[in-house]
1. Any idea what the relative contact order of the stretch 222-354 is, in percent, if you count C-alpha pairs under 8 Å spaced at least 6 apart?
2. If you take the square roots of the eigenvalues of the alpha-carbon gyration tensor of the stretch 96-251 and sort them as a ≥ b ≥ c, do you get rounded (a/c under 1.5), prolate (a/b over b/c) or oblate?
3. Please give, to one decimal in nm, the separation of the simple spin-label points placed at residue 80 and residue 439, each 7 Å out from Cα toward the Cβ.
4. Starting from the exponent 0.38 and prefactor 2.2 Å, build the expected Rg for the stretch 106-149 from its residue count and divide its actual Cα Rg by it.
5. Would you mind classifying the stretch 6-184 by shape? Square roots of the alpha carbon gyration tensor eigenvalues, ordered a ≥ b ≥ c; an a/c under 1.5 is rounded, otherwise it is prolate if a/b is larger than b/c and oblate if not.
6. Using 0.36 nm per residue, how much length does the chain from residue 138 to residue 116 gain when fully extended, once their Cα-Cα distance is taken away?
7. Starting from the Cα of residue 351, step 7 Å along the direction of its Cβ; do the same at residue 6; then give the gap between the two resulting points in nm.
8. Run the numbers for residue 73 and residue 426: contour at 0.36 nm per residue of separation, minus the present Cα-Cα distance, in nm.
């Protein structure tokens with residue numbers, strides 16, 4: 001089910017929120033949790049009915065592994081059950097996400113003819129798998145206590161962040177659930193949640209969706225025959241579409257969380273204002289970056305290990321990150337290039353070399369990020385090569401007059417898209433991000449007016465149900 005849809009806004013959410021408010025008003029803590037777990041399973045089942053049984057079975061299996069892990073005192077035995085949990089969860093993810101990629105490469109390498117399997121990638125499997133693993137690792141390290149089954153199910157299934165994150169650590173969510181903090185009705189949470197949801201909905205409907213339509217048509221069309229201007233426009237559409245689509249989802253997620261009394265962590269912090277690639281990945285999809293950092297990088301590199309170990313840790317982290325984003329060599333290439341750029345940024349930081357002036361650093365980081373993003377957005381490496389040839393075709397224009405004439409004609413035919421790109425750039429580079437909404441302590445009429453206007457206009461343009469881009473991951 002999509003947050004930015006009539007079904008969710010006018011049917012699912014009102015029913016779920018009304019039931020939750022009733023139980024909260026009656027101080028029925030466990031019934032409130034049962035209600036939210038049931039609603040979350042229905043929410044997931046509507047979007048992925050074929051996988052609901054496997055999802056539930058996986059939750060139960062992970063909970064049983066946690067119980068054994070918590071009971072054992074011997075570190076070796078605990079390590080065995082941690083390994084079982086990792087194998088089970090990564091194995092499940094690997095089967096659904098990478099089986100056909102593995103078969104394709106086996107066929108290509110050994111000239112075999114294994115048929116592709118009819119496997120549908122379950123929505124959100126990467127995100128809730130990582131959240132489950134994060135909790136399991138925390139319990140293994142004795143950083144948290146063993147939860148009840150009900151609290152654990154709410155932690156895993158809470159529908160606002162079930163599908164596309166943020167990937168929440170136990171200390172960020174579990175205390176709110178176990179101590180029933182969310183059962184206290186706070187008017188500022190309702191105001192904050194409504195405003196965040198409205199901002200996120202506007203990002204998705206009014207900005208991301210039109211840009212996605214253009215970019216999808218470009219990458220799905222005759223890329224080899226596209227002009228240089230068409231190519232740059234298609235590339236930049238996805239650059240901004242992914243930001244507004246994903247950050248819009250997170251805003252809606254965090255907004256819904258506040259409405260239910262749950263505070264979820266930030267996941268974006270103006271990444272396009274980053275001054276280098278290390279800074280960028282501390283600002284983009286923060287909770288996933290943190291998960292990879294803590295589970296891969298931290299287990300390879302320790303402070304003082306040297307440049308070679310640093311490089312190995314960073315490259316391992318980003319190669320896994322690239323593969324996580326998709327089963328394709330172009331994703332792995334994208335991860336590798338990002339790894340090199342993050343390594344160079346890390347070396348500069350360690351050596352305490354002075355960086356470029358702020359404006360130039362931001363521009364170069366954004367520009368290079370947009371260029372290498374082609375590896376992420378393309379269908380495969382062949383298409384990526386076609387896009388790069390178009391982007392940097394030095395014979396595309398015979399001179400400045402030809403360039404301005406072509407640009408003028410292109411602008412006249414694509415005025416709406418270019419206007420949206422300009423608006424997107426202005427929002428990303430000149431305005432504060434939506435995280436500031438969480439710091440508002442006194443809400444005024446202008447906040448209500450802004451939320452109402454954004455939501456009303458979004459609903460007017462909600463003519464079709466458009467899935468979020470990160471549903472693919």
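1. Numbers: 100 pairs, mean separation 21.2, N = 133.
Computed over the stretch 222-354, the figure is 16 percent.
2. Details: a/c = 3.38, a/b = 1.33, b/c = 2.54.
Oblate, since a/c reaches 1.5 and b/c is not below a/b.
3. Between residue 80 and residue 439, the label points sit 5.1 nm apart.
4. Working: Rg = 18.5 Å, N = 44, 2.2 N^0.38 = 9.3 Å.
For the stretch 106-149, the normalised Cα radius of gyration is 1.99.
5. oblate
6. Working: separation 22, 0.36 × 22 = 7.92 nm, distance 3.72 nm.
Difference between extended and current length: 4.2 nm.
7. Going from the residue 351 label point to the residue 6 one covers 6.0 nm.
8. Details: separation 353, 0.36 × 353 = 127.08 nm, distance 5.59 nm.
Computed gain between residue 73 and residue 426 is 121.5 nm.
No lab work stands behind these numbers, since they all come straight from the coordinates. What you see is a predicted model, and the numbers here were worked out from it, not measured in a lab. All Cβ positions, even for glycine, are placed from backbone atoms using ideal geometry, and neighbour counts span all protein chains on display.
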